[in-house]
Amino acid sequence: MTFGQLRTFVEVARAGSIRGAAAGLIVTEPTVSAAVSALQRELGVALLEREGRGVRLTPAGRELARYAAEILGLADTAARRVRETAGMAGRLHLAAVTTAGEYVLPPILKVFRVANPEVQVRMEVGNRATTLELLLAREADLAIGGRPPKNAGVAGEAFLDNHLVVVAAPGHPLARGTSVDRELLGRETWLMRESGSGTRQTTEEFLAALGVESPSVMTLGSNGAVKQAAAAGLGVTLLSTHAVAAELATGTLARLPVRGAPLVRSWYVLYLSGVTVTGSALGFLELLRSPDAARAVDDWLGPSREYLA
Ligand code: PGA
């Protein structure tokens with residue numbers, strides 16, 4: 001078993017086909033097939049089986065894919081630690097859910113960068129599922145999300161308040177009232193992020209808790225699109241105040257006086273339990289634990305920070 005074969009197999013598992021893996025790795029299809037055949041020969045088990053015109057992983061193949069991702073991630077961590085121990089530039093790999101990647105982490109990364117100019121930083125921004133996948137595969141040292149850890153093997157700590165509010169266009173009739181009840185909310189079109197988004201999940205839970213059944217929903221795939229749609233008067237939306245503080249300050253969006261909002265949540269930093277966080281990742285974790293992180297976000301927001309709560 002070589003790292004190259006394992007890397008190829010992980011790509012087959014991700015892409016779901018030999019052709020997709022070949023395209024992802026920029027190699028030919030026979031090269032991918034040869035790597036899979038070599039693994040099957042060595043292990044003496046079938047790793048793939050035909051499914052229609054494509055292939056799917058056998059149970060043994062799924063097991064190998066899981067271990068292969070872990071082995072490759074661990075090898076990467078080892079290489080980084082060895083380089084850092086020898087005084088070479090460290091690296092920090094983060095995976096963040098969209099809202100945190102866009103509106104929370106940039107100012108914190110700036111503080112980190114000033115203190116650690118030599119560290120190479122990479123931050124993947126995606127939905128909750130992708131973020132956790134990267135952490136579990138050890139492709140990210142730390143993950144940042146809006147929910148506490150639920151997966152076995154993942155630990156986490158809240159590091160910053162995260163309040164969510166219902167917003168709409170400033171001329172929205174509900175923005176003028178003093179209190180918006182459940183019935184009025186049920187008549188609105190709810191602008192929601194894509195499925196897999198933590199904000200969407202929180203919104204669905206919020207509406208269910210209020211007893212709003214089958215609301216009219218429009219799905220938009222980014223915070224930017226949701227905010228623009230709300231400002232254009234297409235509906236209402238529940239978003240983190242980190243994502244809307246600037247628009248609330250300029251008056252592009254207005255907060256609706258909804259009972260039960262703001263929702264008081266936290267931003268969490270997640271890491272693998274049982275794996276010691278070291279090197280640059282430990283430096284970043286310590287920064288998140290310190291008051292400097294919240295201060296950096298506040299300073300970045302300037303006067304619009306008053307819309308956070
Ligand atoms: P999202 O995540 O930006 O993907 O919606 C936010 C959250 O997890 O609360």
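The values are calculated or read from the model by the stated rules, or taken from the named source; none is laboratory data. Keep in mind that this is a model prediction, so the values were computed, not measured. Counting neighbours? That spans all protein chains shown, and the Cβs are built from the backbone with ideal geometry, glycine included. To get the accessible areas, we keep the full protein, side chains included, count just its heavy atoms, and leave off ligands, DNA and RNA. Shrake-Rupley method; radii C 1.70, N 1.55, O 1.52, S 1.80 Å.
Screening Ala100, Ala68 for residues that are more than 21 Å from the chain's Cα centre (by Cα) and of a type in the set (Gly, Ala, Ser) leaves exactly one candidate, Ala68. Looking across Arg66, Arg91, Arg122, Arg83, one residue alone is away from the ligand (no atom under 16 Å from the Cβ), open to solvent by 40 Å² or more (accessible area, probe 1.4 Å) and out of contact with any Lys or Arg (no Cβ under 9 Å at 6 or more places or on another chain). It is Arg66. Tallying residues that are part of a helix (DSSP H, G or I) and surrounded by 18 or more Cβ atoms within 10 Å (Cβ to Cβ) within region 41-63 yields 1. For Asp141, the stated conditions do not hold, so it cannot be described as charged (D, E, K, R) and either closer than 23 Å to Ala261 by Cα or within 16 Å of the ligand (Cβ to nearest atom) (or both).
Of all the numbered requirements in (1) surrounded by 17 or more Cβ atoms within 10 Å (Cβ to Cβ); (2) outside any loop (DSSP other than H, G, I, E, B), Leu184 misses one, and that requirement is (1).
With respect to Ser197, determine if the residue is under 24 Å from Ala143 (Cβ atoms), at pLDDT below 95 and in contact with a Ser or Thr (Cβ under 8 Å, 6 or more places away or on another chain). When the stated conditions are applied, Ser197 passes them.
Listed by position, the strands (runs of 3 or more DSSP E) inside region 190-309 whose residues that are more than 27 Å from Gly177 (Cβ to Cβ) number at least 2 are 263-272. Scanning region 259-274 for residues that are modelled with pLDDT under 90 and in contact with a strand residue (DSSP E or B) (Cβ under 9 Å, 6 or more places away or on another chain) turns up Arg259, Ala261, Ser273, Gly274. Do we have Glu133 as outside any loop (DSSP other than H, G, I, E, B) and either within 13 Å of the chain's Cα centre (by Cα) or under 19 Å from Gly90 (Cβ atoms) (or both) here? Here the answer is yes, as Glu133 does meet what is asked.
For region 95-107, the set of residues classified as within 16 Å of the ligand (Cβ to nearest atom) and either open to solvent by 10 Å² or more (accessible area, probe 1.4 Å) or part of a helix (DSSP H, G or I) (or both) consists of Val97, Thr98, Thr99, Ala100, Gly101, Glu102, Tyr103, Leu105, Pro106, listed by residue number.
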